[in-house]
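Trainee: Have a look at this one before I ask anything.
The values are calculated or read from the model by the stated rules, or taken from the named source; none is laboratory data. Since the structure is predicted, the reported quantities are computational estimates derived from the model, not experimental observations. When we count neighbours, we look across all protein chains shown, and the Cβ atoms used for this are built from the backbone with ideal geometry, even at glycine. Please note that ligands, DNA and RNA were not included when accessible areas were found on the heavy atoms of the full protein model with its side chains. Shrake-Rupley method; radii C 1.70, N 1.55, O 1.52, S 1.80 Å.
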Amino acid sequence: MEKSARITSATFINSKVTATISIALVLFLLGLLVMLALFANKLSIYIKENLSFTIILNDKMSNAEIKQLQKSLDLATYVKSATYISKEQAAKELEEELGENPDDFLGFNPLSASIEIRLKSEYANSDSIQMIEKDLKTKTNIQDVLYKKELMQSVNENMNRAGLILAILSSVLLLISFALINNTIRLMIYSKRFLIYTMKLVGATDGFIRKPFLQANLISGIVAAFIAITMLLGLLFYISEGISNFSGLMSIDTLIIVFIIVLALGIGISLIATYWSVNKYLRMNIGEMYKI
């Protein structure tokens, strides 16, 4: 009898460990997807905020007017940064690119002073720039606004497409993950179905029967989540060793969000799956239990 009890106990512990590791692997995949989604969002913001447009200043604008314009741009809600480029600086940059100063063979500097604008990501689209252009031309004496409309549209379309694909993948993987964790927990509780029936026979309430299962799988969910988080940290460390600027795109705040989501999913899915599984056996009679 003692030997049989030890074997049963060892089998249960092994199944518990196996189930916890299985849940941890599923949570690792979910965490990876969440991390990828946040990384893609940061990458999207980074790319959009590095798209710039140029305000060509009128040669008749005075220094005071230029300073006033730059000050207003610095304070504008849509501007990430505004950099003034003088006629001389523009000529110097062109000389570095072409190897020859235009003033040497033309006898004058044909370039105009300009202000290079980098927009905040939510304004980095052609519609917003057209509104900004209209507002600037109405209120100031600028010559023109130059930007690469096709490039900006292409970037926004590709980012939106990538976001949609990622959202669909996330939804599908979440459903699959829930199904996998649910089946893992159901198999664990399946071995205890007759215990559940016996507790019902002696008058235990449904809540009293559920409680130990919920507590046990709550702990399993937390342990599995921490295993998954440890695996994610190991993966991040490995990636950061090979990519020098990776830490700039994956900040501490982002990692905390990922870890909280993984922990919440581990606890939430484990509790929901346990509740459903125990309820299933609570509704069964002894004949139905022998049939499954």
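Trainee: Taking R0 as 30 Å, what's the FRET efficiency between Ala204 and Phe226 from their Cβ-Cβ distance, rounded to 0.05? Don't skip to the answer; put the middle values down first.
Mentor: Details: r = 32 Å, r/R0 = 1.06.
Given R0 = 30 Å and the Cβ-Cβ separation, E is 0.40.
Trainee: Using R₀ = 41 Å, calculate the FRET efficiency as 1/(1 + (r/R₀)^6) where r is the Cβ-Cβ separation of Gln89 and Ile260; round to 0.05.
Mentor: Details: r = 47 Å, r/R0 = 1.15.
Rounded to the nearest 0.05, the efficiency is 0.30.
Trainee: Does anything in region 51-89 have its amide N under 15 Å from the 7 Å Cα→Cβ label point of Leu151, and if so which residues?
Mentor: Correct set: 51-55.
Trainee: I'd like the FRET efficiency for Glu65 and Leu233, computed as 1/(1 + (r/R0)^6) with the beta carbon distance as r and R0 of 35 Å, rounded to 0.05.
Mentor: Details: r = 54 Å, r/R0 = 1.54.
With a Förster radius of 35 Å, E is 0.05.
Trainee: Give me the percent of accessible area attributable to carbon and sulfur for region 149-292, probe 1.4 angstrom.
Mentor: C and S fraction of accessible area: 70 percent.
Trainee: What distance in nm separates the simple spin-label points at Asp127 and Asn158, each placed 7 Å from Cα in the Cβ direction?
Mentor: Placing both labels 7 Å beyond Cα along the Cβ direction yields 2.2 nm.
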